[in-house]
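Some notes on the structure that comes next.
The values are calculated or read from the model by the stated rules, or taken from the named source; none is laboratory data. What you are looking at is a predicted structure, and each value in this text was computed from that prediction instead of being measured. For neighbour counting, all protein chains shown are included, and Cβ atoms are generated from backbone atoms with ideal geometry for every residue, glycine included.
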Amino acid sequence: MIRKIALLRGINVGGRRKILMADLKSLFEKMNFSNIKTYIQSGNIIFDVQRETDTTQLSQNIRRAIKNEFGYDVPVIVRTPEELESALLQHPFSGQTTNHTQLHVTFLSEEPSKENCKKLESYDVKPDKFLIRKKDVFLYCEGKYHTSKLTNDFIEKKLNVNATTRNWRTLKKLAELSEKEMNTN
């Protein structure tokens with residue numbers, strides 16, 4: 001079995017696109033995934049697949065299944081536990097603050113073009129900071145994330161890719177849960 005983590009964008013936020021985690025878990029079971037765990041209501045699912053699968057195709061299959069089952073077109077980003085752990089370990093701003101509530105990672109569906117990266121990098125987002133590395137955008141928000149210019153919509157539009165953002169605490173918990181699950185198998 002191969003462990004994966006699905007990060008859904010924009011469900012159960014502000015009363016929109018409501019999907020119960022129990023219903024999402026049931027859908028993943030119908031898709032023949034196993035060892036399914038959800039974490040908080042914002043769409044974080046840890047699961048196992050029987051064989052290695054292209055993450056882009058896996059994301060599209062999950063997105064299509066959610067659309068068919070619940071009627072919502074929900075962008076889905078799939079990562080491995082190793083990729084999540086790497087994002088935590090390599091966060092370029094983690095050494096600059098002891099307040100980890102200021103740290104976030106925006107996960108991209110694919111690596112953006114150099115042209116689009118330059119477009120995003122041309123914006124003044126001070127006092128916040130960001131760094132694009134392949135399919136991750138590392139964020140440091142001086143204040144609260146919801147007051148930052150570095151919103152998910154902003155990043156998606158400038159990079160022209162689907163994206164979903166998670167805070168440091170959620171990432172730490174997902175890494176911990178996926179590691180625990182891997183050690184029990």
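Residue by residue through region 54-93, note down the ones that are among the hydroxyl-bearing types (S, T, Y) and free of Cβ contacts under 8 Å to residues at least 40 places away in the same chain.
S86
Could you list, in sequence order, the residues of region 134-159 that are touching a Pro at 6+ places or on another chain (Cβ under 8 Å) and assigned to a strand (DSSP E or B)?
F138
So which of D73, D48 ends up being in the same structural domain as L8 (by TED's automatic domain parsing), under 26 Å from K158 (Cβ atoms) and among the acidic types (D, E)?
After ruling out the rest, the residue left standing is D73.
Among the candidates L89, L108, L7, single out the residue that is assigned by TED's automatic domain parsing to the domain that holds N160 and crowded, with 18+ Cβ neighbours inside 10 Å.
L108
Report yes if K134 is basic (K, R) and either assigned by TED's automatic domain parsing to the domain that holds Q60 or on the phi > 0 side of the Ramachandran plot (or both), otherwise no.
Against the criterion (basic (K, R) and either assigned by TED's automatic domain parsing to the domain that holds Q60 or on the phi > 0 side of the Ramachandran plot (or both)), K134 qualifies.
Give me the residue from region 54-81 that is modelled with pLDDT under 95 and surrounded by fewer than 14 Cβ atoms within 10 Å (Cβ to Cβ) and, out of that set, nearest to L27 (Cα to Cα).
So the residue we want is G71.
Report yes if K134 is of a type outside the set (S, T, N, Q), exposed (fewer than 15 other Cβ atoms within 10 Å of the Cβ), modelled with pLDDT under 95 and within 21 Å of E83 (Cβ to Cβ), otherwise no.
Here the answer is no, as K134 does not meet what is asked.
Does T97 meet the test of being closer than 24 Å to L177 by Cα and of a type in the set (S, T, N, Q)?
In short, no.
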